Amino acid sequence: MPDTSTATPQDPAPSGRDANALWGGRFAGGPAAIMQEINASIGFDQRMWRQDIAGSRAHAAMLAACGIISEADFAAISRGLDQVAAELEEGRFVFDPAQEDIHMAVEARLTELVGDAGRRLHTARSRNDQVALDLRLWVRDAIDALDRQIADLMRALLEQAERHHALPMPGFTHLQIGQPVTFGHHMLAYLEMLARDRGRFADCRARLNECPLGAAALAGTSFPVDRHMTARALGFDRPMANSLDAVSARDFALEFLAACSTCAMHLSRLAEEIVIWMSAPWRFIRLSDAFTTGSSIMPQKRNPDAAELVRAKTGRITGAFVALTMVMKGLPLAYGKDMQEDKEKVFDAADSLALSLAATAGMVRDMVPEPENLRRWAGAGFATATDLADWLVRTLNLPFRTAHHVTGRLVAMAEAKGCDLLELTLAEMQSVEPRITEAVFGVLTVEQSIASRTCYGGTAPANVAAQAAEWRRRLGA
């Protein structure tokens, strides 16, 4: 929004909803059509109407409490804002393209309804602090909504972890089978990531929760305003301490977009695994028709399109963060119209993340593991080789590097024979390390491998069940 001078109660004012007149007497002619096109934000910032009206209510109440406007004007403004809000809520509000933003649109309609009282509302504020306020309020509301969605997805993952806390599956590094883990342990890994995402959004919310209203255009106002009153009324912790910073700061939006980007990246990783898990070579899980699509030519196909689209949304969300960084990086203090480019990026990222969270929660609740395939692959690729090396260290007191070498030779032997480690004979094992005993076969099963990982954070079923119980308590699920 452009700088506008702070109004006074005595300012001459336009009649009707004449957008050009709202600029004041300096501009005799209207803007060129192309100027209107590039300048207007009403097409997208109208979604901030609730925040705009909330800010105007708080501002009007403060003006009246400080004796800057009369109680009669405050009553008229309040009555008028109630009607404007009702029209917007019910879809009866008529947006005039000549009103370039939601702030002008609301003020113009208010003035139509209550006359001069509506013209006094803009006393001691500018559209610069007004838009900074509205966007902060909108982002704060978006964080609260996204937090609820993340918590819901965490509960969906928790449900899967509880049901399948002991179900073996292959654990991968480099997308190569490494060691057996449990399906529940895998689900809890994503739950932990999302918990950190909630923390990032909470940190962002705490930092943005300062009120810019009262900074006016850039230097503050000469009216005896009470900025602490408006901050309290709007649920902020305090007013922003510097008027220049108040109107020009968009780091809260950048921090929000960064948190959105990280969360979207986590969703994308899970989406990628869903795509892999559904592929023919693995068949680790099934998704129903609710979250898959068919092929226009191959009737046998069941495509994980929801997961693929969640994966793709990450680029869109991260792109919003990069784009707004580029908008802000060269701006001197205080306000520049460049900042109008913040809102579409914030809105789109929030919408995209909300949709991705909803789709992911749906997929997680919908997916059904295929136990036979998971168990079969959990032991593939010599997945218990580390258990063999650990046994050699514990039982024979071999240095780990020596045990690693012995295990490598046994893996090579099994690979040459086309069998698993468990299928080697004791004599074959003793040909590499004579002190190996029959007891070694007790650690080479998938179930024993998983059960042995009892350290804190390990994949042992008892650990997974305990962690799931703790998360159920923390989530209040």
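The values are calculated or read from the model by the stated rules, or taken from the named source; none is laboratory data. Owing to the predicted nature of the structure, the values given are computational and were not obtained by experimental measurement. Quick reminder, even Gly has a Cβ in these numbers, built from the backbone with ideal geometry, and neighbours come from all protein chains shown. These area figures cover heavy atoms from the full protein model, side chains too; ligands, DNA and RNA do not enter into them. Shrake-Rupley method; radii C 1.70, N 1.55, O 1.52, S 1.80 Å.
Brief remarks on what is shown
- Point-to-point label distance, ASN397-LEU422, nm (Cα→Cβ direction, 7 Å offset): 3.1
- For the chain, the per residue solvent-accessible surface stands at 45 Å², with DNA, RNA and ligands left out and a 1.4 Å probe.
- Estimated Rh, the chain: Kirkwood, alpha-carbon pairs, angstrom: 26.5
- Placing pseudo-labels 7 Å out from each Cα toward the beta carbon at ARG283 and LEU309 gives an inter-label distance of 2.8 nm.
- Average Cα contact separation per residue, the chain, under 8 Å, 6 or more apart, as relative contact order %: 18
- Rg/Rh (Cα only; Kirkwood hydrodynamic radius) as it applies to segment 227-359: 1.17
- Dimensions (Å) - segment 157-235, Cα atoms, principal axes, largest first: 69, 27, 11
- Highest average packing first - 106-119, 77-90, Cβ atoms within 10 Å: 106-119, 77-90
- Long-range HN-HN contacts of PHE93 with modeled amide H, under 5 Å: LEU88
- Across the options THR293, ALA241, VAL464, the greatest Cα extent toward the positive end of the charge dipole of the chain (unit charges at beta carbon of Lys, Arg, Asp, Glu) belongs to VAL464.
- Proximal lysine pairs, the chain, alpha carbons under 26 Å, eight or more residues apart or interchain: 8
- Averaging the sequence gap over all C-alpha pairs within less than 8 Å and six or more residues apart, then dividing by the number of residues, gives segment 120-265 a relative contact order of 30 percent.
- Extension gain (nm, one decimal) between LEU331 and ALA33, 0.36 nm per residue minus Cα-Cα: 104.6 nm
- One Cα centroid belongs to segment 190-264, the other to segment 347-398; the line between them spans 38 Å.
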